[in-house]
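The values are calculated or read from the model by the stated rules, or taken from the named source; none is laboratory data. Being a predicted model, the structure only gives us computed values, none of them experimental. Quick reminder, even Gly has a Cβ in these numbers, built from the backbone with ideal geometry, and neighbours come from all protein chains shown. Heads up: the accessible areas ignore ligands, DNA and RNA and are worked out on the full protein's heavy atoms, side chains in. Shrake-Rupley method; radii C 1.70, N 1.55, O 1.52, S 1.80 Å.
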Amino acid sequence: MTVRSYRDLIVWQKSMVLAADTYRLTREFPKQEEYRISGQMIRAATSIPANIAEGHGRGTRRDYAHFVSIAKGSLAELETFLLLAVELMLARKEQIAPVLGLAEEVGRMLNTLRRRLNEPPARDDLKAPQNLNPRAQTL
């Protein structure tokens, strides 16, 4: 399978689910948190798939890897806010456990994608410039 779009990447698809789950979780927070931790969580969560998409749309593997690194930073931010939400009693551990689990999975996939982008391109990559990383299809 050839990766023609960032939408073909499983890591992007899973990060979209993570962003949607974050939205749903924060809906249950008190209204007063809308512009505080809720807003920060949503921005961090939506930044993950957005940076994967932007990086994929860039012209070089180096740029792509840079945006994957930004996505990893946003993921760490989200994980921190999720744990803080429990500490502040805005959510129960049971509520955030599935979201944290998905975040960890996305994190592993981002690490793999970043590592592969930093490897020298395979011979086939040189022939197909529209496909920055054919191995990324499994991420």
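Go through (1) open to solvent by 30 Å² or more (accessible area, probe 1.4 Å); (2) modelled with pLDDT of 95 or more one by one and return the number of the condition residue 82 breaks.
Failing condition for residue 82: (1).
Limited to segment 39-62, what total is found for residues that are surrounded by fewer than 18 Cβ atoms within 10 Å (Cβ to Cβ) and over 19 Å from residue 8 (Cα atoms)?
4
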